[in-house]
Every structure is written in structure tokens, then in C-alpha cells.
1. Enumerate the whole-percent occupancy of each 10 Å bin, from 0 to the last occupied one, for all C-alpha pair distances of region 166-304.
2. Give me the number: length gained by fully extending L115 to M368, i.e. 0.36 nm times residue separation minus the C-alpha to C-alpha distance, one decimal in nm.
3. What is the pair-distance distribution P(r) of region 141-195, computed from all Cα-Cα distances in 10 Å bins starting at 0, with each bin given as a whole percent?
4. Please report, ordered by residue number, every helix of the chain (full DSSP H runs) that is 30 Å or longer along its axis going by C-alpha atoms and whose mean Kyte-Doolittle hydropathy reaches -0.5.
5. Taking 0.36 nm per intervening residue step and subtracting the Cα-Cα distance, what contour gain separates V108 from L215 on full extension?
6. Any chance you could list the semi-axes, whole Å, largest first, of the equivalent ellipsoid that the Cα gyration tensor gives for region 271-387, using √(5λ)?
7. For a quick protection proxy, order the peptides 284-294, 124-134 by their average other-Cβ count within 10 Å, most packed first.
8. Taking the convex hull of the alpha carbon atoms in region 135-244, what volume per residue do you get, in Å³?
Amino acid sequence: MARTTRSVIGVDERMSSSRAIPLGIQHMMSMFGATVLVPVLTGLNPNVAIMCSGIGTICYLLVTRNKIPSYLGSSFAFISPIIAATAATGSLSTALSGVVAAGVVFLVVAGIIKLVGTGWLDRLLPPVLVASVMVVIGVGLSATAVRMALNAATDSFVAEGALVAAVTLIAAVAFSSRGGLLGTLPILLAIIVGYLVSIPLGLVNVQAVADAAWLGLPPVQMPQLDPGAVALVAPVALVVVIEHIGHLLAVGEIVGRDYRPMLPRSLAGDGISTMISGFLGGPPTTTYAENIGVMSVTRVYATQVFWYAAGFALFVGGFCPKLAAFISTIPTPVMGGVSLLLFGLIASNGLRMLVANRVNFDENRNLMIASVVIILGVGMETSGAAIPLGSYTLPGMATSALAGIALNLILPSSPAASKAESDVESSSS
């Protein structure tokens with residue numbers, strides 16, 4: 001059987017609207033479930049969150065000069081702080097002031113990095129560490145994908161849901177193995193297949209669609225300044241900065257570009273997006289692993305597609321409640337099926353980075369860094385464990401990245417390993 005090859009569509013390339021529109025819808029569908037879940041858990045309005053993700057992504061693309069293909073959705077890291085701030089102050093409006101302040105933290109960190117430069121990233125984040133963090137990002141989400149696929153958001157196994165997830169996953173793999181248009185839309189097509197299979201199994205409830213209006217504006221909520229809420233929510237942005245760097249390096253590895261010099265702009269874009277979301281009543285935003293996975297499977301990296309995705313999210317969340325309700329009827333196992341592929345591809349790209357950079361695991365230093373980062377990060381992420389820091393928690397990815405940075409600075413590098421790294425850098429340049 002002949003191997004199917006698919007051409008790469010670069011970051012700066014442009015496509016016809018007829019081709020870019022379904023690709024944009026594909027990205028919007030991929031982020032939809034997670035972006036809606038955060039406001040549901042925190043008491044914020046889901047439609048506002050969707051709208052803000054679209055606005056935020058547009059701002060991000062503008063700030064990064066249309067050079068970084070990324071989508072910004074609701075950040076899970078802020079769920080507990082927002083809930084705590086709401087309980088402490090008795091109002092979601094005061095909690096939103098913490099969201100705005102978190103965006104300011106992003107901007108401050110971006111300004112500091114702009115002043116000191118990004119050369120320190122090369123020293124702190126060698127290929128073995130970056131690749132290991134990519135594995136943590138992908139595999140760390142595996143428990144979420146498996147629960148969505150097999151348990152359908154319940155505590156027990158759901159046979160119908162598992163069947164739908166399996167069909168969706170098989171469809172995504174089959175479509176991604178094809179060339180042409182099918183090969184660039186595997187996630188969207190797989191979601192459609194999974195949705196159709198779910199209907200006769202009774203997993204689709206369209207009552208919310210019937211009840212929703214065709215046109216309408218979401219209930220925008222303005223923030224009310226509260227120092228206590230700011231103290232509870234804003235510092236979490238420092239943890240998300242680590243996540244942001246990991247995602248940015250992952251995107252760079254997938255698209256074949258070095259985005260380290262653009263880190264200040266990337267953080268600034270995320271900060272502005274988060275501030276706007278806070279002013280409108282939405283949750284903080286962050287770059288999304290789901291959309292990184294979509295790029296990996298489709299090999300379509302054009303930022304043009306993200307403009308369409310952001311535009312659709314802005315329209316659906318901000319002006320068309322019926323479409324938002326329709327998308328929300330997609331059964332959890334359908335998204336679980338595609339997530340199994342998307343999250344796995346992120347981890348696989350981390351493994352590919354190890355090979356491409358010729359990381360030598362005969363060198364004890366590399367072996368120790370990769371072992372600690374992967375096991376610590378994946379273990380914490382899949383178990384839901386986190387390190388309490390006063391009113392905050394340090395999640396698995398951030399903890400493992402910090403541990404890897406510490407090991408990278410502490411462990412000595414043998415002369416032979418240093419020479420090998422120099423030879424690789426010389427040959428690549």
C-alpha cells in the first residue's frame with residue numbers, strides 16, 4: 001500500500017476561503033468543549049467565554065504580527081482561584097477584577113523578558129527538557145481524554161459512549177491518512193461521523209437548541225475592583241507563564257520555527273486577551289493544546305485559519321445562541337475520541353524532537369532530566385495532584401518544568417556531551 005503524503009501549509013501561506021473556512025471551523029470545534037467547561041465550573045457565562053476566546057485570539061494574532069498560529073481559550077489554571085475569590089468576596093464581579101489583574105501580570109512579565117532578552121531560554125530549556133515537557137503536555141491530558149471517551153463525564157464505564165468514541169477515533173485516523181481535502185479536515189469530519197452515530201444511540205439532546213434564540217447578545221458582566229480577589233487570582237498568571245512557554249515551544253517545534261525571540265509578544269497577546277475577557281465577564285485565556293494537536297495532524301499552520309476560527313467563535317458566542325447551543329450538543333465521547341488522537345500527537349512530537357536533536361540517552365544527565373520531568377509531570381497531571389502554595393496550587397506541568405530547569409542547572413555536563421551538542425549545533429547551522 002502506497003504511503004500517503006500531505007503537503008505542509010506554512011504559517012504565512014494563504015488559501016481560498018472555501019478551503020480555509022472549514023479548517024477554521026475545525027479549530028473552533030476542537031477548543032469548544034474545554035472553553036465552555038471553565039465558565040460552567042466557575043459560574044461565568046459560557047457564551048461570553050466563547051466570544052472572548054474569539055476576541056482574544058484576534059488580539060493575539062495582531063500583537064504577534066500574524067506570525068504565531070495559536071488559539072486562545074479558557075484557562076483551567078484559574079478555576080480554583082476564581083471560585084475561591086467569588087466565595088471570599090461574595091461576587092463574581094469582584095473575582096473578574098482578579099482576571100483583569102492576571103492579564104496585567106502577563107504584560108509585566110512580557111515587559112521584563114523584553115528588557116532582559118530571551119537568551120536565557122537556551123540555557124534553561126535545552127532540547128531534552130523542552131521535548132520532555134511536550135510529552136507531559138500530551139500524555140498529561142490522557143486521563144481527561146480517556147474519561148471523556150469511556151465514561152462520558154460519569155464515574156462509570158458507558159458502553160454506548162465508548163463505541164462512539166472508538167468510531168470517532170477510527171474516523172479521525174482514517175481521514176488523517178488520506179490526502180487532499182479529507183486529510184486537512186480529519187477532526188471536523190470525525191466529529192461529524194461521531195455525532196451521526198450518537199443520534200440513534202440516544203446521546204444527543206437537541207432541546208437546548210430548540211429553546212435558544214437565533215440572535216442575541218450574551219450577558220456581559222463588568223469587573224468590580226477588590227484587592228482580595230486580585231491577590232487570590234492574579235498570581236496564578238505566573239504559573240500559566242510556564243505553561244505558555246511550553247506551548248509556544250511546542251508550536252515552534254511543530255511548525256519548524258524558533259519562536260523564542262517572540263516570547264514577549266506572545267505573552268503580551270495573552271495578557272491583553274485575558275484583560276479584555278475579564279472586562280467582559282469571561283475567564284482568563286491561554287494557548288490551547290487541542291489546537292496544537294490539530295495543527296500536528298493536519299500539517300496546516302497558516303494563521304489565516306486561526307482568523308476564521310476566532311471570527312466564528314466571536315459570532316457564535318456573541319451573536320448566535322442557537323449555534324452555540326447546537327455545538328454544545330456534541331456528546332462528550334465524540335470529543336473524547338478526537339482528543340485521544342490530538343493529545344497523543346503532541347506527545348509524539350515531543351518524542352520526535354528528541355530524535356531530531358539527537359538527544360543522547362547514554363548521557364546520564366539527559367536520562368535524569370527526561371525521567372524526572374516526564375514521570376513527575378504525567379503522574380501529577382493524570383492523578384490530579386498539585387502542590388499547595390498558600391492559596392494557590394502548582395500543577396503538574398509547571399512543577400515538572402521547574403524540576404527539569406533545576407536539574408538542568410545543577411547536573412554537570414560531560415565534555416563528550418558538550419562536544420556532541422556543539423557538533424549538532426554546527427551541523428544544523
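The values are calculated or read from the model by the stated rules, or taken from the named source; none is laboratory data. These numbers come from a predicted model, not from an experiment. For neighbour counting, all protein chains shown are included, and Cβ atoms are generated from backbone atoms with ideal geometry for every residue, glycine included. Accessible surface areas use protein heavy atoms only, side chains included; no ligands, DNA or RNA. Shrake-Rupley method; radii C 1.70, N 1.55, O 1.52, S 1.80 Å.
1. 9, 25, 26, 29, 10, 1
2. My answer for the length gained is 87.8 nm.
3. 27, 44, 24, 5, 0
4. Correct list, ordered by number: 17-42, 92-116, 332-356.
5. 34.7 nm
6. 34, 18, 16
7. Ranked from most to least packed, the peptides come out as 284-294, 124-134.
8. 218 Å³
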